[in-house]
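Structure, as structure tokens:
The values are calculated or read from the model by the stated rules, or taken from the named source; none is laboratory data. Model, not experiment: these values are computed from the prediction. Every residue, glycine as well, gets a Cβ built from its backbone with ideal geometry; the counts of neighbours run over all protein chains shown.
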Amino acid sequence: MHPPTIYPYRLTPSSSGLIAYSYDQVAQWQGGASYVDRVLRGVKPADLPLQAPTKYEMIINLRTAKALGLKVSAGLLARADEVIE
């Protein structure tokens with residue numbers, strides 16, 4: 001079991017991590033694919049704007065919280081994008 005930590009990747013709570021709070025990686029990869037497409041069509045990379053994440057997600061693993069003896073507030077659970085029970 002992982003220590004009670006907030007992790008930067010969504011896969012960690014799936015493998016017994018407590019919480020992950022991160023940008024939506026799939027959306028970022030899709031944005032990167034559109035950049036590659038634009039470069040292959042002739043746009044200079046220096047002319048492309050920087051792209052920052054616009055969507056973040058929080059995943060909470062309640063099994064891990066219970067195993068660690070932690071109580072997760074209802075407010076935090078309501079804000080979570082995914083809760084692993």
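Can you pull out every residue in the stretch 42-52 that is modelled with pLDDT of 90 or more and within 26 Å of residue 23 (Cα to Cα)?
Scanning the stretch 42-52 gives 45, 46, 47, 48, 49.
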Item to check | Test result for residue 64, at pLDDT below 90 and hydroxyl-bearing (Ser, Thr, Tyr) | outcome: no
Checklist entry - With respect to residue 77, is the statement that it is surrounded by 12 or more Cβ atoms within 10 Å (Cβ to Cβ) and modelled with pLDDT of 95 or more true? => result yes
Item to check | Residue selected from the stretch 1-41 under the condition in a loop (DSSP other than H, G, I, E, B) and among the aliphatic types (A, V, I, L, M), by the criterion modelled with the lowest pLDDT | outcome: 1
Item to check | Residues (of a type in the set (Val, Ile, Thr) and surrounded by fewer than 14 Cβ atoms within 10 Å (Cβ to Cβ)) located in the stretch 1-38 | outcome: 5, 26, 36
Next on the checklist: Suppose we keep only residues that are part of a loop (DSSP other than H, G, I, E, B) and of a type in the set (Val, Ile, Thr) within the stretch 42-64. Which one would you say is farthest from the chain's Cα centre (by Cα)?
Outcome noted: 43
Checklist entry - Do we find a residue being at negative phi, in contact with a Pro (Cβ under 8 Å, 6 or more places away or on another chain) and surrounded by fewer than 15 Cβ atoms within 10 Å (Cβ to Cβ) anywhere in the stretch 39-60? => result yes
